[in-house]
Structures are given as C-alpha cells and as structure tokens.
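Presented below is the structure to which this report refers.
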Amino acid sequence: MIYSMTGYGKSVLQLPTKKITIELKSLNSKNLDLNARMPSIYREKELAVRKLLADKLVRGKIDFSIYVEATAEDTSTQINTPVVKQYMAQLKDLVDTDDLELLKMAVRFPDALNTVREEIDEQEWKTIAYEIDKATDDLIMHRLNEGKVLEQDFKERIIAIYDLLEKVIAMDPERIEAVRERLLKGIEELREKYDENRFEQELVYYIEKFDITEEKVRLKNHLNYFTESMNSEESNGKKLGFISQEMGREINTIGSKSNYAAMQQLVVQMKDELEKIKEQLLNVL
C-alpha cells in the first residue's frame, strides 16, 4: 500500500455565533514540516493539534489553518466610555467643532476601546477537535487515492525494467561471443602467431571481467523486493528509495561491464525507467 504525501483535507463547522473552517494541505518533504495558523483564542491548543497531526500524517510539508467567521452579533471589544469622554472634553478646548466630530477623533486615541480576552469554551473545542480529526482523515484518504495512481505507475515501470533485464539475460551469450570474436580479430589483425592456450586464458580473464551474472541476479532480487515492499501494509517511501538506489547500482554496473552496444541501449532504457521511479518516490510517504 502506498500513500502520497500530497493531499488536501477540509471540514466546515457551523456554531451558533461563528462559522469555523479547517483546512489541511500537504506536499512532499523529507521530514515533518508543520505550519499551523490558528486564532489567538485557540492558541493554547496548538501543541495538542500538532501532536495529532504528527501522529496521523507522519511526514510531509503540512499547512494547517483554522478560519473563524462571525455569523452573529458577538464582539469582545467595548468602548471605554470614561476615557472617550475625557478625550472629547480636552479636544473641545482645542478644536471648535460639534460633538460628533469630537467623538470621531476621540475613539482613535489609545485606550478608547477595550478588548476583553475571550476564554476558550472546552465543549466548543471538543467539537472543533472532532472536525480537525475529520479533516485529517479527509487528507489521508486523498493521499491514499494519489498513492494508488503512483503504485500503478511503479508497477508498470518495474515490469518494464524486468522485461528489459530478461532481454539482457537473453543477449548475454551473444555478447560473450562478440567479445571473443573481437579479441580474436584483434590478434589476427596483428598478423602474429599466438598461443591458443594463452589466448583462451586471456579470454577467460576478459569474460570474468565482463561477467554480469551477479548483477543480473541482484537486480532481479531488488525488483522483487521493491514489489513486495509496495504491497506491505505500511507506506514507506524512504525504504523504496533505498531499494531504487540499489537497483541503480546494479544497472550501472551492467552498463559499465557490458562492452556491447546493443546491451548498453537496453541499460539506457532501464536507467530511464528507474529515473522516473525515483522522481515519483519523492512524493511517497
């Protein structure tokens, strides 16, 4: 099972005096990078929210936001009447104008308005926390759906590499014979007599040097291991990334040892498929 790190979750809660919108956005990241934006009244709950998101989302660049929109008459700001009256009295001695204009000036001065700090309602917060959990589950479901698309792409590319490897295996005897003929032709072009026994010894040396048996076996094992890991219960992009690196080493070694143009073309195709896998793995949880 594969989960993408890309996802979006949203939940909207309508309370008697306010509308609360919870949004979660997730992008790929090597670690958990969480950015939380919350109104000041809920700030004391930020650590609890961060723990919830860290436990459920594990990894990724996460943007979490709570937006509050007042839908009824509900204000925590009050006019400081005594202070405003004092300002108006002082302004009257300085400015020749009516009371309305004096009031407009007075309310702009410091302490003209008092803001009473709201206290968090625990019952209200329980409802909000439930909606945060729903939005998080919504994001996880989005990640799963994105992961299914990635998984199908990986399967197709793994099969493609496997098919190319089978062609490499089928071509190997032809390649060894080509190496033998090339060495023999080089000796004949020198127009010198040569010791056939020595030639066979040298041929064995070069064949051993160019032998890719171990690489073919290891690459096949890595392909199988990659598929098994995709089908495991947990999504582990880092593990798949390590396996893909090992696949790359074997493919590169086959290419450097092949010394045969037709086989090197197959290696280039394998590298191309693997590179696309590595790019997509950056998005896997």
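The values are calculated or read from the model by the stated rules, or taken from the named source; none is laboratory data. Since the structure is predicted, the reported quantities are computational estimates derived from the model, not experimental observations. Heads up, the Cβs are rebuilt from the backbone with ideal geometry, glycines too, and the neighbour counts pull from every protein chain shown. To get the accessible areas, we keep the full protein, side chains included, count just its heavy atoms, and leave off ligands, DNA and RNA. Shrake-Rupley method; radii C 1.70, N 1.55, O 1.52, S 1.80 Å.
What separates the Cα centres of region 1-59 and region 238-273 is a distance of 41 Å.
Positive end of the dipole of region 195-236, charges at C-beta (+1 Lys, Arg; -1 Asp, Glu), about the Cα centre: which of 225, 207, 197 has its Cα farthest in that direction? Comparing the listed Cα positions along the dipole, 225 ranks first.
Highest mean first, the peptides 8-16, 236-244 sorted by other C-beta atoms within 10 Å per residue fall in the order 236-244, 8-16.
Taking R0 as 22 Å, what FRET efficiency do you get between residue 211 and residue 261 from their Cβ-Cβ distance, rounded to the nearest 0.05?
0.75
Placing unit charges on each Cβ (+1 for Lys and Arg, -1 for Asp and Glu) gives the chain a dipole about its Cα centre, and among 80, 169, 5 the Cα reaching farthest toward its positive end belongs to 169. A 1.4 Å probe run over the protein chains yields, for region 129-285, 59 Å² of accessible area per residue, whole-number rounding. With R₀ set to 25 Å, the beta-carbon distance separating residue 242 from residue 21 gives a calculated FRET efficiency near 0.05. Each label was represented as a point 7 Å from its Cα along the Cα-to-Cβ direction; for residue 69 and residue 196 these points are 9.2 nm apart.
Counting Lys and Arg as +1 and Asp and Glu as -1, what is the net charge of the other residues whose Cβ lies under 9 Å from the Cβ of residue 56? So the surrounding residues net to -3. Net charge in the neighbourhood of residue 277 (other residues with Cβ under 13 Å of its Cβ; Lys, Arg +1, Asp, Glu -1) is -3. Charge dipole of region 219-282 (Cα centre as origin; +1 on each Lys and Arg Cβ, -1 on each Asp and Glu Cβ, all else neutral): 240 debye, rounded to the nearest 20. Excluding same-chain neighbours fewer than eight residues apart, the aspartates and glutamates reachable from residue 19 by a Cα-Cα span under 13 Å are 69, 73, 74, 124, 131. Distance between the pseudo-spin-label points of residue 204 and residue 81 (7 Å out from Cα toward the beta carbon): 11.0 nm. Extending 7 Å from Cα along the Cβ direction at residue 253 and again at residue 184 yields two label points whose distance is 3.0 nm. Distance check, please: which entries in 167/278; 25/61; 238/271 exceed 18 angstrom between their Cα atoms? Distance filter (> 18 Å) returns 167/278; 238/271. Here the peptides 247-259, 210-222 are ranked by packing, the mean other Cβ count within 10 Å, and the order with the highest first is 247-259, 210-222. Counting charges near residue 218 (Lys, Arg +1; Asp, Glu -1) among other residues having Cβ under 11 Å from its Cβ returns a value of -1. With unit charges on the beta carbon (Lys/Arg positive, Asp/Glu negative), name the residue among 247, 71, 159 whose Cα is farthest towards the positive pole of the charge dipole of the chain. Checking the options against the dipole of the chain, the answer is 247. Sorted on the mean count of surrounding Cβ atoms within 10 Å across their residues, most packed first, peptides 38-47, 92-101 read 38-47, 92-101.
Take the Cβ atoms of residue 224 and residue 50, set R0 to 41 Å, and the FRET efficiency comes out at 0.55. In a simple Cβ point-charge model (Lys, Arg +1; Asp, Glu -1; nothing else charged), the chain has a dipole of about 240 debye relative to its Cα centre. How would region 241-285 be classified by its alpha-carbon gyration tensor: rounded, prolate or oblate, with rounded meaning a/c under 1.5 and the a/b versus b/c comparison settling the rest? Judged from the Cα gyration tensor, region 241-285 comes out oblate (a/c at least 1.5, b/c at or above a/b). With all protein chains in place and a 1.4 Å probe, the accessible surface of the chain carries 50 percent carbon and sulfur.
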